[in-house]
Amino acid sequence: MFPNNKGYFEEFGGRFVPETLMFCLKQLEDEYLKAKKDKKFLREFNYYLREYAGRPTPLYLAENLSRYLGINKIYLKREDLLHTGAHKINNTLGQVLLAIRMGKRRIIAETGAGQHGVATATVAAMFGLKCDVYMGKQDIKRQRLNVFRMKLLGANVIPVESGSQTLKDAINEAIRDWVTNVRTTHYIIGSTVGPHPYPMMVRDFQSVIGRETKEQIIKKEGRLPDYLIACVGGGSNAMGMFSPFFKYKQVKFIGVEAAGKGLSTNRHSATLTKGKKGVLHGAYSLVLEDRFGQIKSAYSIAPGLDYPGVGPEHAFYKKIGRARYVTVDDKGALEGFKLLSLTEGIIPALEPAHVIFYLNKLKRQLKNSIVIVCLSGRGDKDLDIVVKGLKIK
């Protein structure tokens, strides 16, 4: 099963990092491989997922949305109901337990939409660890509620003013910090990106989404779904949903990327659609780059999607045709945000709102299908953005 022992999903993945980090990454990989076979670790992890984070999350039949779009059945995997409001806590719980196992007392993280930062600050507070979160200055402006939440939880939010002042640059600064402080510090990467073992490890911690989904849909429908659909930035919620269904070829995967202001502009985050092969943040994958091979800035109205790369396992899925990747622009995301709110009384984050809108494009194809959407987060964090973009009478 992928990745191989060098962290490659065929050609994608690997470790492209300074020598300083090689030992730390090998230590992390070894510790993780031991932990995943350790019944005590797994028992503790599952305890916190259940009793603290609020798992299992419901698989909710969105009857009103299904009827409105003319699709047989649309189910929502309600990751928005987890503690902190998104799927991110699945991974932060797993990684903080690993950090404690390795004797690390300081946690660092990067964040874009703020949800990973909040989830990291939350688990650090619970376990009494020092926490520093790097966040682009532009994202701090867009996500001021989440910045306040992180500070309330005791985290130090460090503004990043380099580059585009968004997620890519926050990751750059977090890696620089980690290189300097590897002995005392664990870096909790928030998505299926970065050098091995992070893409594998984050996928595994997030795979609880897909494992629960499989069990729930069989109980409700007596069969597997026709489609799984999720938004893709770095790719953790989608990979968490998709990976447990990988061998079931009858279940089709669709990942929805952010087209931003349009694919013909430089203002989008559609890495799988428009990207090229390259190295970013320690892994070989698909990236957005200019004609000189330099990483371009990404953009999306959804801060959690504006990353100019993608997890190597998604690049692998695209290469072998296991998943199809499509795009929705900012305007569509706002319409999706409004549509789910009005039909189901559920206000989604802007990230999965891209998926809700895409269902409208697919409605003829999906007419007789059972579709499951990963509703990866709730929309409270995005209200400041949406107020400016949506006119509601």
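The values are calculated or read from the model by the stated rules, or taken from the named source; none is laboratory data. Quick caveat, the model's predicted, so the values are computed rather than measured. We place every Cβ from the backbone using ideal geometry, glycine too, and count neighbours over all the protein chains shown. Heavy atoms of the whole protein, side chains included, go into the accessibility calculation; ligands, DNA and RNA do not. Shrake-Rupley method; radii C 1.70, N 1.55, O 1.52, S 1.80 Å.
Quick rundown of the values:
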| item | result |
| --- | --- |
| A125 vs. criteria within 24 Å of S376 (Cβ to Cβ) and open to solvent by 40 Å² or more (accessible area, probe 1.4 Å) | yes |
| Filter result for Y134 (in contact with a Phe, Trp or Tyr (Cβ under 8 Å, 6 or more places away or on another chain), on the phi < 0 side of the Ramachandran plot, assigned to a strand (DSSP E or B) and hydroxyl-bearing (S, T, Y)) | no |
| Region 359-393, subset touching a Gly at 6+ places or on another chain (Cβ under 9 Å) and surrounded by fewer than 21 Cβ atoms within 10 Å (Cβ to Cβ), residue farthest from Y60 (Cα to Cα) | V386 |
| G293 on the phi > 0 side of the Ramachandran plot and either part of a loop (DSSP other than H, G, I, E, B) or without any contact (Cβ under 8 Å) to a residue 60 or more places away in the chain (or both) | yes |
| Enumerated helices (runs of 4 or more DSSP H) restricted to region 1-109, each holding at least 2 residues that are under 24 Å from the mean Cα position of the chain (by Cα) | 19-35, 39-48, 88-101 |
| Those residues of region 138-187 which are part of a strand (DSSP E or B), open to solvent by less than 10 Å² (accessible area, probe 1.4 Å) and hydrophobic (A, V, I, L, M, F, W, C), in sequence order | V160 |
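Residue by residue, here is whether (1) within 30 Å of D80 (Cα to Cα); (2) touching a His at 6+ places or on another chain (Cβ under 8 Å); (3) touching a residue at least 40 places away in the same chain (Cβ under 8 Å); (4) polar (S, T, N, Q) holds:
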| residue | (1), (2), (3), (4) |
| --- | --- |
| F12 | no, no, yes, no |
| V17 | no, no, yes, no |
| L21 | no, no, yes, no |
| K34 | no, no, no, no |
| K39 | yes, no, no, no |
| G54 | yes, yes, no, no |
